[in-house]
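Engineer: Just dropping this structure here.
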Amino acid sequence: MNILYGPLYSRRLGISLGLDIIPYKTCSYNCIYCHEGETTFLTLDRKEFFPLENVLHQLSTLKGKRIVKGRPVDYITFAGSGEPTLDVNIGSYINYLKDNCPIPVAVITNSSLLWDEKVRQDIRGADLVVPSLDAVTEDSFQMINRPVPHLSLEKVLQGLVDFCEVFQGAVWLEILLCEGINDSFEDLERFAVLLKNLPVQKIQLNTVSRPPAESWVRPSSLQTLSQWKDLLGARVTVVEDAVNSTRKNMEEALRRKVAVLLQKRSYTLEEIQRELHKSGHEVIKVLARMEKEGLVERTLKNGKSVFYGNKGRIMGNGAPTKPSY
Ligand code: SF4
């Protein structure tokens, strides 16, 4: 059993050396967006998953180190394939690292156990805690996080507030938005009220950027992320991967729409813009790529470019034959 992985570049933490102290896939939630897949052991019971001595022995290899495998590490991070606060030994591991290693320690948690005074005590030695909170109503909490039975959002929220009030290190809250599930304007307003008095240094907005546990889960749009960022204020950053993934999804959606249009007849650029309610810049970018890939061809008519689909490559249902959209 090897609990160390990396160091890897983390979009949130820089160069991070991961500690995976929970066996796959043990968690108190079964989030619809989880890129680790379905939770196979849904539990809120804390226990020792790996022998303390064994884990401490592995941590001892980090003694005095700032650089691991040739890379200067920004954080040693408790994360991985489940909820790390389920491990009753997490406090011992954090304390060991703080006493023996100069690299700051971070804990990524889903917040589900912060109501437990012992858990708050266990992680108080960390330099940074990144708790997540994806819902501010019980319904959307149950829908998006699918927690262990009998765990209420009220209990989770109270734990988060209690923790933030006493923790001496930094707290960066993460909110992950899924289209149509927890990203409505009403959700935003509720989050704004809650976050107003929550003493966290940063709020990181994220969306689905890796294959989710449920295939029907969709990322929120860039427009939604920007709206949330604007309303929630200066502490908010949008995680870079979320932006890239959302852009990619938007472009894919536009390509699909262009394909559907052009398989019927030819259109000028202005006509495509009008039909799809998109700016010329967006449409030109997509048309140029499709042209390069042989999906779209163009001809000149009365001094204007006219675009039409390459019949052999754009299928009847609007999905191109190649490449995948
Ligand atoms: S809390 Fe994290 S590990 Fe657990 S199901 Fe949700 S995303 Fe996956």
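Rule-based calculations on the coordinates, nothing more; no lab input. These numbers were taken from a predicted model, which means no experiment stands behind them. A quick note on method: Cβ atoms are made from the backbone with ideal geometry, for glycine too, and the neighbour counts reach across all protein chains shown.
Engineer: Nearest 20 debye, what's the magnitude of the dipole of the chain about its Cα centre given +1 on Lys and Arg Cβ and -1 on Asp and Glu Cβ?
Structural biologist: Magnitude of the dipole: close to 1780 debye.
Engineer: Per residue of the chain, what 222 nm ellipticity follows from adding -39500 (n - 2.57) for every DSSP H run with n ≥ 4, rounded to the nearest 500?
Structural biologist: Taken over the chain, the calculation gives -10500 deg cm²/dmol.
Engineer: While we're on this one: Lys/Arg Cβ at +1, Asp/Glu Cβ at -1, dipole of the chain taken about the Cα centre: which of THR40, SER266, ILE67 is farthest positive-ward?
Structural biologist: SER266
Engineer: Taking the dipole about the Cα centre of the range 250-309, with the C-beta of Lys and Arg at +1 and of Asp and Glu at -1, give me whichever of VAL286, LEU254, SER305 is farthest to the positive side.
Structural biologist: SER305
Engineer: What ranking do THR61, THR39, THR237 get, fewest neighbouring Cβ atoms within 10 angstrom at the top?
Structural biologist: THR61, THR237, THR39
Engineer: Output the 0 to 90 degree angle, nearest 10, between the alpha-carbon long axis of helix 153-166 and the longest principal axis computed from the alpha carbons of the chain.
Structural biologist: Between helix and principal axis, roughly 60 degrees.
Engineer: Once the convex hull of the C-alpha atoms of the chain is built, how many Å³ does it hold per residue, rounded to a whole number?
Structural biologist: 164 Å³
Engineer: Would you please put 78-88, 270-280, 216-226 in order of how densely packed they are, using the mean number of other Cβ atoms within 10 angstrom per residue and starting with the highest?
Structural biologist: Output ranking for 78-88, 270-280, 216-226: 78-88, 216-226, 270-280.
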